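S.K.: So that we are looking at the same thing, I have put the structure below in structure tokens.
Laboratory data are not the source of any read-out in this text; all were calculated from the coordinates shown. These numbers were taken from a predicted model, which means no experiment stands behind them. Here the Cβ positions follow ideal geometry from the backbone for every residue, glycine too, while neighbour counts run over all protein chains shown.
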Amino acid sequence: MLDESPRICCIGFQKTGTTSLAEALERLGYAVTNINRDVDAALSTPTDDPQAVADRIAIEALKSHHVIQDSPAAFVFQALDRAYPGSKFILTYRPVDKWLKSYEKFFPDENNALRRWMYGVDRFSGNEARYRQVYESQNAAIRSYFADRPQDFMEMDLSGGAGWYDLVNFLGPDLLPRFPHANIGGSKRQTRQYGTGSKTLARRLLKRLAD
């Protein structure tokens with residue numbers, strides 16, 4: 001079990017670069033968890049309060065991990081903020097039409113308890129308007145919640161060019177003890193020594209997202 005230090009919560013929807021972001025954080029040495037299967041299994045049993053079930057699983061998962069990512073992180077961010085004060089929240093996003101196209105490609109007919117809770121409908125096919133509405137409204141709710149807390153909240157459009165250096169600057173040296181180039185304003189020697197690897201990783205992550 002980890003201590004109660006701040007965590008990193010990747011609260012973007014699936015197919016917005018959450019996997020690429022998780023890879024970057026793992027590269028920094030963080031333990032990353034994904035709770036979608038656990039929440040889906042729990043919600044397969046009828047419950048009067050699915051939000052409380054998802055919140056509990058998310059909070060418990062971060063007792064033994066530094067980072068949470070992927071669904072349903074976008075729906076449990078308030079509980080995580082209360083449970084782990086001072087944590088960093090990263091909203092990955094894509095323009096909604098691009099997100100819908102990607103979601104349709106990967107999950108057109110997937111139907112499970114987790115998706116029914118998040119979107120209020122069954123599979124994506126035939127419910128595109130509902131998925132659009134949930135994506136836009138939930139992202140708006142997240143932005144509103146963190147509107148006055150820029151030190152705790154970052155948005156990343158990986159498909160639009162946000163990447164490695166933006167992430168490092170946001171997390172800051174206190175949360176990057178394993179990353180030798182956390183001081184972006186360091187010496188030219190440091191930039192030469194570490195900058196190439198960081199830029200290479202950023203390009204690889206962006207290429208993967210675009211595939």
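S.K.: Can you list, bin by bin at 5 Å, the percent of alpha carbon pairs in region 65-118, starting at 0?
M.R.: Each 5 Å bin holds this share of Cα pairs: 4, 14, 21, 23, 17, 12, 7, 1.
S.K.: Could you list K105, K15 in order of exposure, starting from the residue whose Cβ has the fewest other Cβ atoms within 10 Å?
M.R.: Sorted ascending by nearby Cβ count, the order is K105, K15.
S.K.: In nm, give the distance between the simple-model label positions of D148 and A52, each being 7 Å from the Cα along the Cα-to-Cβ direction.
M.R.: Distance between the two pseudo-spin positions: 3.0 nm.
S.K.: Could I ask something else about it? Could you tell me which of G86, I57, W99 has its Cα farthest along the dipole of region 44-114 towards the positive end, charges placed at Cβ (Lys, Arg +1; Asp, Glu -1), taken about the Cα centre?
M.R.: Checked the options; the winner is G86.
S.K.: Residues with amide H under 5 Å of F89's amide H, sequence separation 5 or more or different chain, H placed in the peptide plane at 1.01 Å from N; which?
M.R.: Long-range HN contacts for F89: C9, F153, M154.
S.K.: Further question on the same structure: Which of the peptides 27-35, 68-76 is most tightly packed, and how do the rest follow, going by the mean number of other Cβ atoms within 10 Å of each residue?
M.R.: The packing order, highest mean first, is 68-76, 27-35.
S.K.: Would you mind classifying region 7-93 by shape? Square roots of the alpha carbon gyration tensor eigenvalues, ordered a ≥ b ≥ c; an a/c under 1.5 is rounded, otherwise it is prolate if a/b is larger than b/c and oblate if not.
M.R.: Prolate shape, in that a/c is at least 1.5 and a/b is the bigger ratio.
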